[in-house]
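The block underneath contains the structure these notes are about, expressed in C-alpha cells.
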There are 2 protein chains.
Amino acid sequence: MNITFVVAMLDEAQPFIDNFGVREVPDFFSPLPCKLYRARLDAETELHVVLNGQQHGSDLVGCEPACVATQAAIQRLNPDLVINSGTCGGFRSKGADIARVYLGNGVMFHDRRVPGDDEWGTQALGNYDVWNGTGALAERLNLPVGKVTTGSSLDMQPCDLQIINENGGELKDMEGAAVAFVCSLYHVPILLVKSVTDLCDSSAETFEEFRRNLARASEELCRVNVRIIEELRVSGLGLRDNEV
Amino acid sequence: MNITFVVAMLDEAQPFIDNFGVREVPDFFSPLPCKLYRARLDAETELHVVLNGQQHGSDLVGCEPACVATQAAIQRLNPDLVINSGTCGGFRSKGADIARVYLGNGVMFHDRRVPGDDEWGTQALGNYDVWNGTGALAERLNLPVGKVTTGSSLDMQPCDLQIINENGGELKDMEGAAVAFVCSLYHVPILLVKSVTDLCDSSAETFEEFRRNLARASEELCRVNVRIIEELRVSGLGLRDNEV
C-alpha cells in the first residue's frame, strides 16, 4: 500500500515528518522544487510526503503549485491513495472551531467564475469525487466531515462567499480542488484532511489568525494523520489489492 | 528547433491546425485528456500543438488544466520554446480592439490575493519571465506588446481590476501565468501570443462578446502564429543551439 501525502507548506507537514521519521530524498523531483520525504512503515506500507517546495523565497501555496506537485507525485510514485493534508478556514456558523480536523466529503472551486448552468459552469466548479472510503474512515475515527472549497486567495470576497453558500462549501482552503482535479485525471483516489486555522465568519484578520493558529492546527493535523495511517494499515478500507 | 504550442480550446487552435496540417497523435498523453498534434516543418523544425483536452463535456480552460498540459508537454516533448497562444480580454482605454493580436512582455496573476509586500505577495502575483526574444520578435513583425494578467474567471470583479491596474496588467486571460509558472520551474522560455475577443471596459456582456468574436480572434491568432513560426525558422532569434 502506497500512501502519498501532498502538502503545501513545510510548517503544515513538519509535526508529521518528525513523528514518522520520514527522510528527505534530495532532488528527487529535480528540476521541480517539490520535495519528497519517504519511509517504509512495514512490509506492506510505504509512506510518502510530497511538498510543493519554494519559489520567490516562500513555500509555494495555491492551486498551480498543487497541480504540479500532485502530477509529479502521481507520475513518479504511483500512489494507491493521495492524501491532501493541510490547513483551512472554517465557518463558526457551520460548527467549525480552531484546530478542529475534518475529512472532506466533497471538493469544489469557488473562484472560477464562468457563467451558465451548462458544462462550462460544471467544469468551473469542479466537484471532483473524493475517495469512496472517506465516509467509513470518518465513522471509525469519529471525525467530522465537510465539503472543501478551494480558491487561490487567502481572503474571501462577496463573490466567493456567494458561490460557497450556493454550493454547500464548508472548509475554505487553497489547494484541495486542484489536487483533486489532477487525481481525477489520473483516476487516483483522494482523501482530504483539513485542520482549521481561521474562521471566515469571525471579525479577526485572516492572515493574523492563520499565523497565530498554524502551529496548533498543524499539531492536530499530525495527530489525526497518524490515526488515519494506523487505520489504513489495520483495515485497508478497500485500498489494498486494487479494491478501489 | 522544437516549438510547442500550449492552447486551451480547440476553437482557438483549429485555424492553426488546419493551416499547418499538423496531425493528431492519439492517446499520446494518456491517461491525461491532453491532445497532441505534431508536424515536422523542415529538417530543423518540429512543431507541436498541445491542447488541454476535455472534462465534464467541455474543453478544459483555466489555470489548473494549463498547468497539467504544460507540465506534460515539457516532460514529454522537451521544447526549446513554449508558446501559449489564445484569446484574451483587452482594455479599450489601453488601446485594445477586437481581434488585435499581442505578444506578452510580462505575465502575472490577478486573482491570487495574499496580503503583504513581502515574499508571499511576490509569489502570489507571479510576474514570471517571458522569453527574452519577445521584444525583438515583436519589432520584426510589428506586433503590439502588453502585459498578460491571468485569473481563473471569465468575469472581472473590482478586486481583480484593482490588482490589474496596480500592476500594469493589459491583456486579461485565463491561462498565461499558469503556463509561465510551470515553464519557470523547468527553465523553459515562454512566448505569449494573445488575441482580443472582448473588451473588459465595454458595456457588452463578456461571455456573449467572447462567443461572438472567438472565430475571428482565432483566425487572426493563426495568421500571427504563422508569421511567428516563419520568423523563428528564418532567424531563430537565439533559440537554436541552446543560445537561450
Exercise. What is the set of long-range amide H partners of residue B:81 at a cut-off below 5 Å, with H atoms built 1.01 Å from backbone N?
Worked result: B:2, B:4
Exercise. Which residue is it, in chain B, that holds its beta carbon closest to the axis of the B-onto-A rotation, and how many whole angstrom away?
Worked result: B:67, 2
For this session: Mind jotting down the distance between the C-alpha centroids of region B:174-207 and region B:105-150, whole Å?
Result: 10
Problem set entry | Copies compared at residue B:97 - label distances in nm, ascending, label defined 7 Å from Cα in the Cβ direction | 6.4
Exercise. How much mean residue ellipticity at 222 nm does chain B get from its helices, if each DSSP H run of length 4 or more adds -39500 (n - 2.57) and you divide by all residues, to the nearest 500 deg cm²/dmol?
Worked result: -12000 deg cm²/dmol
For this session: Could you calculate the contour length gain from residue B:219 to residue B:235, that is, 0.36 nm times the residue separation minus the distance between their Cα atoms, to one decimal place in nm?
Result: 3.3 nm
Exercise. When Lys and Arg each count +1 and Asp and Glu each count -1, what net charge do the other residues less than 9 Å away from residue B:66, Cβ to Cβ, add up to?
Worked result: -3
Problem set entry | Values of log10 I(q)/I(0), in the order q = 0.08, 0.10, 0.11 Å⁻¹, for the protein assembly as shown under a Debye, Cα-only, solvent-free model | -0.46, -0.72, -0.87
For this session: Would you order B:147, B:194, B:172, A:94 from fewest to most other beta-carbon atoms within 10 Å of each residue's own beta-carbon?
Result: A:94, B:147, B:172, B:194
Exercise. How many nanometers, to one decimal and shortest first, lie between the label point of residue A:115 and those of its other copies, if labels sit 7 Å from Cα toward Cβ?
Worked result: 3.4
For this session: Please identify, among B:197, B:45, B:149, the residue showing maximal mean-square fluctuation in a Gaussian network model of chain B using a 10 angstrom Cα cutoff.
Result: B:45
For this session: Enumerate cysteines in chain B without a disulfide-compatible partner, where compatibility requires another Cys Cβ under 4.7 angstrom.
Result: B:34, B:63, B:88, B:159, B:183, B:200, B:222
Seminar exercise, completed: Charge tally for neighbours of residue B:151 with beta carbon under 11 Å away, counting Lys, Arg as +1 and Asp, Glu as -1, is -1
For this session: Quick one: with label points 7 Å out along Cα→Cβ, list the inter-copy distances for residue B:42 in nm, shortest first?
Result: 6.5
For this session: First select every other residue whose beta carbon is under 13 angstrom from the beta carbon of residue B:209; then total the charges, Lys and Arg +1, Asp and Glu -1.
Result: -1
Exercise. When chain A is modelled as a GNM with alpha-carbon springs shorter than 10 Å, which of A:209, A:175, A:119 fluctuates the most?
Worked result: A:119
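FYI, it's all coordinate maths here, none of it is from the lab. Note that the structure is predicted; figures quoted are calculated from it, not measured. Glycine also receives a Cβ, built like all others from the backbone with ideal geometry; neighbour counts cover every protein chain displayed.
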